[in-house]
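Contents: one structure, followed by commentary.
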Amino acid sequence: MTALSTEPAPAPPRRELPPSMVERMTLIMDAFTGRSTRLTLEDVARRTHLPRSTAHRILDQLVQLSWLDHTSFGYRLGKRALGLGGRDGSHGEIREAAAPLLHELQIRTGMVVHLAVLDGSEVFYLDKVGGRFALSVPSRVGGRAPAHCTALGKAILAWLEPEQVDALISGPISRLTNRTIGDIGTLHQELNRIRQRRGLAFERGECFPQIACVAAAIRGHEGPVASISLVGESRTPLEKVAPLVVDAARQAALALFPGLETSRRSRGATRTPDRTWSAETMNQMLAVGQDGDWL
């Protein structure tokens, strides 16, 4: 009869950590398999085989450098990883998805069309399409403007958490014209009106005098990634073209995020009418903002 061995089973070989910080950071970034992937600290440690404490330390550094965002639901790719930082021009995917829609908007309306992303407290212009009137609009591709006084910026800010807005628009708010929103409380009221208007943001003379804009955000699975606006003279009847902006933003979102509409329907979200909005529906939506400066 063979005696039972009392020796402990050999421990599995210890996995060696990648020797450099760059390799460890790369392991973590590679764990995010898609632009909408959300991972907890435990998820990251398991996928990378890094010690939890090491993963946590590197995640904190990546958040500080804007490669990742940390939300109540976990970590996700940040604006640098998504090419939304506005510093290196790496916005090809968004521009490609929106380009035909911008040109169609310009042809149908004759107005100037903008595409922008949020970069901190500013909007960064990715594209500008327009005819002769474009020369009268003091914006340029690669330029910036304060988010709180542009329809483009307000359209994006409206879909962020209030705490995120407070963090982005911190300190005194600059007023570019006498119509610019000048305090954070009024800004939050305006963002609430935008949400009640199904995301339509308006601006008349808040950023540039004698110019009016209407914008809607391009929204993905996790929130807004950019916005599209139509720009005209200050008295332009924006309510007539507003549905076209919403439709263009929705189409751009579907091009960027395949399966987005199916995902929204599965969560019980209803499709926002666009081209079929009646005059009565539009009037009801605009009445929500009847106390706003943009009217």
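The values are calculated or read from the model by the stated rules, or taken from the named source; none is laboratory data. Here the structure is a predicted model, which means the values were calculated and not measured. A quick note on method: Cβ atoms are made from the backbone with ideal geometry, for glycine too, and the neighbour counts reach across all protein chains shown. The protein model used for the area step is the full one, side chains on, heavy atoms only, and it has no ligands, DNA or RNA in it. Shrake-Rupley method; radii C 1.70, N 1.55, O 1.52, S 1.80 Å.
Tabulated data
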quantity: Count of residues meeting criterion [open to solvent by 10 Å² or more (accessible area, probe 1.4 Å) and among the aromatic types (F, W, Y)] in region 179-236; calculated: 1
quantity: Selection within region 147-180 - farther than 12 Å from A116 by Cα, in contact (Cβ under 8 Å) with a residue 60 or more places away in the chain and touching an Asp or Glu at 6+ places or on another chain (Cβ under 6 Å); calculated: R179
quantity: Qualifying residue in region 145-166 (condition: open to solvent by 20 Å² or more (accessible area, probe 1.4 Å), in a loop (DSSP other than H, G, I, E, B), under 19 Å from S229 (Cα atoms) and charged (D, E, K, R)); calculated: no
quantity: Criterion: closer than 16 Å to S121 by Cα, in contact with a Gly (Cβ under 7 Å, 6 or more places away or on another chain), of a type in the set (A, V, I, L, M) and at pLDDT below 90 - qualifying residue of I173, I181; calculated: I173
quantity: Options L152, L102; residue that is of a type in the set (A, V, I, L, M, F, W, C) and under 26 Å from H70 (Cα atoms); calculated: L152
quantity: Unmet criterion (only one of (1) modelled with pLDDT under 90; (2) crowded, with 20+ Cβ neighbours inside 10 Å; (3) not charged (D, E, K, R)) for F73; calculated: (2)
quantity: Out of R46, R35, sole residue that is farther than 24 Å from L260 by Cα, at pLDDT below 95 and either open to solvent by 60 Å² or more (accessible area, probe 1.4 Å) or in a loop (DSSP other than H, G, I, E, B) (or both); calculated: R46
quantity: Whichever residue in region 84-99 is outside any loop (DSSP other than H, G, I, E, B) and at pLDDT below 90 and, among such residues, is farthest from S136 (Cα to Cα); calculated: E93
quantity: Residue in region 53-62 that is at pLDDT below 90, touching a strand residue (DSSP E or B) at 6+ places or on another chain (Cβ under 7 Å) and either open to solvent by 40 Å² or more (accessible area, probe 1.4 Å) or not hydroxyl-bearing (S, T, Y) (or both) present; calculated: no
quantity: Residue match in region 238-246 (condition: over 17 Å from A145 (Cα atoms), charged (D, E, K, R), without any contact (Cβ under 8 Å) to a residue 24 or more places away in the chain and touching a strand residue (DSSP E or B) at 6+ places or on another chain (Cβ under 8 Å)); calculated: no
quantity: Hits in region 107-143 - residues which are part of a strand (DSSP E or B) and closer than 19 Å to K240 by Cα; calculated: V112, V113, H114
quantity: The lone exception for L27 - which of (1) exposed (fewer than 14 other Cβ atoms within 10 Å of the Cβ); (2) modelled with pLDDT of 90 or more it fails; calculated: (1)
quantity: Any chance G130 is small (G, A, S), over 15 Å from S227 (Cα atoms) and buried (at least 19 other Cβ atoms within 10 Å of the Cβ); calculated: yes
